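Heads up: the structure comes next, in structure tokens.
The values are calculated or read from the model by the stated rules, or taken from the named source; none is laboratory data. Please read all numbers here as calculations on a predicted model, not as lab measurements. Cβ: placed from backbone, ideal geometry, glycine included. Neighbour counts: every protein chain shown.
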Amino acid sequence: MWTYENPVRISFGAGSLDRIGDLVHGRAYCLVTYDEAMFHDIAGRIAASAGPAALIIDNVIPNPDFLMLAEACARFAAAQPSPEVIVALGGGSVMDASKVVAAGGNGFDAVKRYLQDGASAEALTATPIIAIPTTAGTGSEVTSWASVWDTEAERKYSLSRRSLYATDALIDSELMVGMTRELTVSTALDALSHSLESIWNVMGNPISTDYAVNAAMEILTILPALVDDLGNLDLRSRMAQAATFAGLAFSNTKTALAHSISYPITLRHGTPHGFACSFSLPMVMRSAIGASATCDTGLRRIFGEDLSAGADRLEEFLVTLGVSVDKADYGVKDEEWRALIESALTGERGRNFIGSHERVIESLGAA
Ligand SMILES: [Fe+2]
């Protein structure tokens, strides 16, 4: 028995940003975005279509932390007129910050208590979100959770609430054409990780796996071409669609071991999420092979009959893109790695992983 559900209405296609006026529909809105020229330009187009924003929060930092989010929630609570909807324009960090603001309409303290103790759920709000991703990778526009970082305490939380699903995702590949090579690669690898992590996942189901297989095959095909042709709108659209499929896959399973491994590496060594959650994929794949017939079948649809050779090809794929699969290149020493794998296996995402602990410790060289 299984269930699949995703309530986000997706409008996909080059130029779909023009629909924003219809979606906002005269409501007072809060725009959450980055303080960069490209985002100011798009904010101008949004204002032309939906009217001026009641509030603009444009100081979103990568991996938004308690400090930044507390200030954003306070500004949101004090805004006049009170915003009825949040327009999230940007990458994963903007999506995460928008979800926290959506839940933190009564102030960030309620969100913090909920994250730390599961308390104060009744004090959380659920402001609707219209998500406009400008990268192809995070999938956050179709998931119901947000990463929240307590940088000082070196902790990463996940704010997970059904009410945090966006009402709408406007996925316009024209907004993604200006991405640098590095951002293109890191975000695409994040999407690849989402798709594979939803396959080697105890929460997997036939629909999530189907989305994941489609996404992974497309990313493996397109990314090498896209990095040599960053301005190609057709390739950008295909990558955006693949990232959306990966998002729909892991929206129902969450991620697994590779993501669990990534969080301390991002916190301690500053590795961008897309690299931190993907460099270990070949190792994690080797430890997943044979753990479940359903998982093997899904992986064979992507990598062919010989899954060991497939893991080798995945490693080659990363290395060819300039992504090292060696933990040392991310500043992680042997001792830290062993402790990190142990704790990754017992973390919430790690427990989703389908393979055995012994195989992981062997395949990831953490014995
Ligand atoms: Fe991710």
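I'd like the full set of residues that are away from the ligand (no atom under 11 Å from the Cβ) and not basic (Lys, Arg), limited to the stretch 236-255.
Ser237, Met239, Ala240, Gln241, Ala242, Thr244, Phe245, Leu248, Ala249, Ser251, Asn252, Thr253
Applying the selection to the stretch 24-53, what residues are over 17 Å from Thr134 (Cβ atoms) and surrounded by fewer than 20 Cβ atoms within 10 Å (Cβ to Cβ)?
His25, Gly26, Arg27, Ala28, Ala48, Gly51, Pro52
Among the residues of the stretch 265-283, which ones are part of a helix (DSSP H, G or I), more than 12 Å from the ligand (Cβ to nearest atom) and more than 21 Å from Ala311 (Cα to Cα)?
Scanning the stretch 265-283 gives Ile265, Leu267, Arg268, His269.
Working only within the stretch 152-195, note down all residues that are away from the ligand (no atom under 16 Å from the Cβ), within 20 Å of Leu267 (Cα to Cα) and of a type in the set (Phe, Trp, Tyr).
Once the filter is applied, which keeps residues that are away from the ligand (no atom under 16 Å from the Cβ), within 20 Å of Leu267 (Cα to Cα) and of a type in the set (Phe, Trp, Tyr), the stretch 152-195 yields nothing.
Just give me the residues in the stretch 196-207 being part of a helix (DSSP H, G or I) and within 15 Å of the ligand (Cβ to nearest atom), in sequence order.
Result: Leu196, Glu197, Ser198, Ile199.
Any residue in the stretch 193-213 that is surrounded by fewer than 22 Cβ atoms within 10 Å (Cβ to Cβ) and charged (D, E, K, R)?
The answer is yes; a qualifying residue exists.
All but one of (1) without any contact (Cβ under 8 Å) to a residue 40 or more places away in the chain; (2) within 15 Å of the ligand (Cβ to nearest atom) hold for Trp149; state the number of the condition that does not hold.
Checking Trp149 against (1) without any contact (Cβ under 8 Å) to a residue 40 or more places away in the chain; (2) within 15 Å of the ligand (Cβ to nearest atom), the one that fails is (1).
Please list, ordered by first then second residue, the pairs with beta carbon atoms under 6 Å, 6 or more apart or interchain, first in the stretch 333-353 and in contact (Cβ under 8 Å) with a residue 40 or more places away in the chain, second β-branched (Val, Ile, Thr) and surrounded by fewer than 15 Cβ atoms within 10 Å (Cβ to Cβ).
From residues that are in contact (Cβ under 8 Å) with a residue 40 or more places away in the chain, the pairs are Asn352/Val202.
Scan the stretch 120-141 for residues that are touching a Leu at 6+ places or on another chain (Cβ under 9 Å) and either among the basic types (Lys, Arg) or modelled with pLDDT under 95 (or both) and report the count.
0
From the list Ser237, Ser262, Ser287, which residue is surrounded by fewer than 23 Cβ atoms within 10 Å (Cβ to Cβ) and in a helix (DSSP H, G or I)?
Selected residue: Ser237, the only one of Ser237, Ser262, Ser287 that is surrounded by fewer than 23 Cβ atoms within 10 Å (Cβ to Cβ) and in a helix (DSSP H, G or I).
What number of residues in the stretch 127-146 are within 12 Å of the ligand (Cβ to nearest atom), of a type outside the set (Ser, Thr, Tyr) and either part of a helix (DSSP H, G or I) or free of Cβ contacts under 8 Å to residues at least 24 places away in the same chain (or both)?
Looking only at that region, the number is 0.
Among the residues of the stretch 290-327, write down those that are in a loop (DSSP other than H, G, I, E, B) and farther than 24 Å from Arg338 by Cβ.
Selection gives Ser292, Gly304, Glu305, Asp306, Leu321, Gly322.
Assess whether Glu316 counts as being out of contact with any Cys (no Cβ under 7 Å at 6 or more places or on another chain), of a type in the set (D, E, K, R), surrounded by fewer than 16 Cβ atoms within 10 Å (Cβ to Cβ) and modelled with pLDDT under 95.
No, not satisfied.
Taking only pairs six or more apart or across chains, which ones have beta-carbon atoms under 9 Å, a first residue in the stretch 232-258 that is at positive phi, and a second residue that is more than 15 Å from the ligand (Cβ to nearest atom) and not basic (Lys, Arg)?
Lys254/Met203
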